[in-house]
Structure formats: C-alpha cells, structure tokens
Amino acid sequence: MGNHILTELKLASLAGAGAYGLIPEGAIAIEGDEIVWAGARGDLPERYAGWAETRLGGRLVTPGLVDCHSHVVFGGNRAREFEMRLNGASYEEVARAGGGIVSTVRATREASEEALLADALGRVDALIAEGVTTLEIKSGYGLDQETELRMLRVARRIGELRPLTVVTTFLGAHAVPESHKNDPDNYIDTVCIPALRAAHGEGLVDAVDGFCEGIAFAPEQIARVFDVARELGLPVKLHAEQLSNLGGAQLAAHYGALSADHIEYLDQAGVDAMAGAGTVAVLLPGAFYTLRETQMPPVAALRRAGVPMALASDCNPGSSPLTSLLLTMNMGCTLFRMTPEEALAGVTREGAAALGLKDRGQIAAGQRADLAVWDVAEPAELAYRIGFNPLYKRIFGGQI
Ligand SMILES: O=C(O)CC[C@@H]1NC(=O)NC1=O
Ligand SMILES: [Fe+3]
C-alpha cells in the first residue's frame, strides 16, 4: 500500500454522467486504501507526478464486485434434492416434505466451526477469483442459537482469512425448524429473537433478514424480528415476494429496509413503497433459474420508479448453488432483461447500496480502492459471455 497511479486504462466508474461513467483514457490515484483521484488521464493533477505508476495496457477497470446476498456458510449439499426436482417435485413440495432448507439445517448443526469454514472458503474463493471484494454472508441454517452464532463466527473469520470485506446478516427467520413446525410463533419468540440478541451481543451482526413466504414466515412474524432489530439499531432487509405476494416488500419498506430481495411477485404497490423508502431491489436470477420459475421480477416497473436494482449470487445449497457473479450478471440480462450497464451497476454501486455501504461500488475520490481489472474491450462483455472469467487483476484496499 502507499501512493500509486494506475494509468493506460479504460475507466468504468459507475459514477457521474454517461453510460457506465466511462472514460476511455483514464487514470486513478490511490493513497493507502483510498481512491484520491479518478478521471481522464490528461487531467491528472501535477501533485501526483512522481507517484509509482502501473500501466494497464488499456484494460477495463471497474469497481471491485459486491455480492450483496449470499448464504455461502452451510453444511452438506443438496444434489439429491436437485435430482428429486428433476423427477418432477416442485421446490415447495420438497420443502413441505422435509427437504429443502431443513435438510441443510441438519447438516449445518452437525458440522464443526472448522468444517463450516473449510467448506465455505472454497465457495468464497470462487467468488474472489471473479473480482468480488465485498461479500454479504447470512446465517439461517442453524435455526437454534448455538448454530446461528457458529455460522456468524465463521462468516467473521472468512473476512479475517481473505482479502475481502465480509458483511454479516442474521437470518434466524429463514425457516421453521422441525421442532417448531406447528408453532412458528413460538420459534420466533423463544429461539429466533433470543439468538438475534445473543449474536448482536457478540458483535456478530451487521443487519437482520427474514424469509417472508408461505413456506416460511408471515409478515406479522417478520415484524416482531424487525422490531427487535430496530431496538438494537440494526438495519433490515427481507427475502420478499419470491413465490407469492404476502406484502413483504411493503413491510420491508415500512421498516426502511436496505433491500427487498427476490421480489418476483412484487406488485406496483410494493414498487411504490420501495421507491418511497429508498429500499434497493436485489434480484436473484440464480434462484429463478434453478427453480425454473416463470414469474419475472417487474424490472420495467422498478426502472420507471427509479428503484435501484442490485444483482447477487444468493449462493445457497438449494435454490441457487451459484458461485459466479459474472454468470449472475448474464442471467440478470438474459432472464430478467436488465441492460448490461444495469447488471454491472447491480454488482457494484447498487450492491453496495443494498448493504448500506457508501464507501465503495464506484470509482471516485473518497471511495475504497477496491478495483477489478478486466481483459475485455467493452464493459458489456462482462455480462455477455457465459462461463468466462476475464479478470486480469483484483485490487483490494489499494493492494496493487
Ligand atoms: O433452499 C435453501 O437452502 C435456501 C432457499 C433460499 N432461501 C430463501 O429464503 N429463499 C431461497 O430461495
Ligand atoms: Fe437468499
């Protein structure tokens, strides 16, 4: 780290005017872990003359990628369930038959902290290899206090063991465990909320999430968890309108949520509520693709209303065993009809916004020096190609 100039680059700043905030002949000045200047190379201020210089041969430079929704910490895998679905069972049928999230809960409860960490690091390294510099990691496969906290400790350790910012999210309201399957209210009040308080007490929680859905929790149950999040001063986000419309996005907006995620079944009332609250739409095409869903999120309505749209892997063993943010971008375009610029913004500027982070996701003075350098001529290539990783160099916190 130190003072450094990156030059001979095409700058996709995702800031300022114009598509991608693109500057064909750009330069970036980095001091420590911070960008202190970015713009056209010809405008580089004299005061940076003499700084160490790295020439990038005209390669494209974007902000480091932000994966704002993942469940990368979990035990076991669900290949068997994948096979069941290929034999005709729906995702909800598998869930009601005791498969789905609950089967991963068993495997996660049985796994040690070291085993969970070792398994997760493989998935995290795949994301890092594609230029991810910030990763959100949820709990939600413990559904008991001990395991929920173990998952969040593993998430924190991932951020210590890798050149990566990890943001943790408590998702105790992910599913109703077998022990409480006839009494979800009791689970919320006697397990989920005490676990949230304990996790917060250990400094393990940066935000609180829930799954508002017929196979999970009702809005009233989510609201009780969000009331405690508000009491603890924690921001909230919500898996909402994935398989039906229970008004989850409106509930999220009512709590000033950072984001509402999935939202395939979002209606105009939900779009308007999110627009009014500044809640980011997090689109998760990996789950839509894996579950062979047909109801697309209302991208055109979100666009018209000016609701920011993020894209994320939703990496999880059941509905989105996906560890490629580049493929996520391609799916966002091909499946959800986002533009390539919206897709790139979705995994940078808007992904950061979905985490409430204002110091990253764009290339501009004052932002973290988290950058990705790509062997592509045009930014659209990042979403266009399928199964191709053109990352040339990943810069985390100014480490050239
Ligand atoms: O199947 C799993 O393990 C997670 C499913 C995932 N969680 C959620 O709230 N919605 C999903 O698609
Ligand atoms: Fe999810």
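The values are calculated or read from the model by the stated rules, or taken from the named source; none is laboratory data. No experiment lies behind these values; they were computed from the predicted model shown. We place every Cβ from the backbone using ideal geometry, glycine too, and count neighbours over all the protein chains shown. Ligands, DNA and RNA are excluded from the accessible area calculation, which covers all protein heavy atoms including side chains. Shrake-Rupley method; radii C 1.70, N 1.55, O 1.52, S 1.80 Å.
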Antiparallel DSSP beta bridges within the chain, as percent of all bridges there, nearest 5:
45 percent
Local electrostatic count at V271 - Lys and Arg +1, Asp and Glu -1, tallied over other residues with Cβ under 14 Å:
-2
Under the classification rounded if a/c is under 1.5, otherwise prolate if a/b is larger than b/c and oblate if not, where does segment 292-353 fall, given a ≥ b ≥ c as square roots of the Cα gyration tensor eigenvalues?
oblate
Surrounding charge for I101, neighbours by C-beta under 15 angstrom, Lys/Arg +1, Asp/Glu -1, total -1
Got a sec to turn the phi values of segment 162-167 into Karplus ³J(HN,Hα) couplings, 6.51 cos²θ - 1.76 cosθ + 1.60 with θ = phi - 60°, whole Hz, x for Gly and Pro?
10, x, 7, 8, 9, 10
From the Cα centre of segment 265-311 to that of segment 343-376, the distance in Å is 20 Å
Could you tell me the accessible area of E83 in Å² (1.4 Å probe, neighbours in place), rounded to the nearest ten?
100 Å²
From the phi of every residue in segment 306-316, what ³J(HN,Hα) in whole Hz does the Karplus formula 6.51 cos²θ - 1.76 cosθ + 1.60 yield, where θ is phi - 60° and glycine or proline is x?
x, 7, x, 10, 9, 10, 8, 6, 6, 3, 7
Leaving out ligands and nucleic acids, and using a 1.4 Å probe, what accessible area per residue does the chain come to in Å²?
37 Å²
Select from segment 297-400 those trypsin sites (Lys or Arg not before Pro) which occupy a DSSP coil region and have at most 10 other Cβ atoms within 10 Å, ordered by residue number.
none
Sorted by chain and then number, the residues having a modelled amide H within less than 5 Å of the amide H of G39, at least 5 places away or on another chain, are A27
Select from the chain the helices, each a whole stretch of DSSP H, whose alpha-carbon atoms run 15 Å or more along the helix axis and whose Kyte-Doolittle mean is at least -0.5; answer none if there are none.
113-128, 219-231
Hey, any idea what % of segment 65-354's accessible area is carbon plus sulfur with a 1.4 Å probe?
51 percent
Can you flag which of K10/K237; K237/K393; K10/K393 are past 24 Å Cα-Cα?
K10/K237; K237/K393
Rounded to the nearest angstrom and ordered from largest down, what semi-axes does the equivalent ellipsoid of the chain get from its C-alpha gyration tensor (root of 5λ)?
36, 22, 20
Under the helix-only model (-39500 (n - 2.57) for each DSSP H run of 4 or more, divided by the residues of the chain), the mean residue ellipticity at 222 nm, to 500 deg cm²/dmol, is -10000 deg cm²/dmol
Under 5 Å from the placed amide H of G75, counting only residues 5+ away or on other chains, we find T108
Quick tally, 1.4 Å probe accessible area for L302, L258, sorted with the most first, runs L258, L302
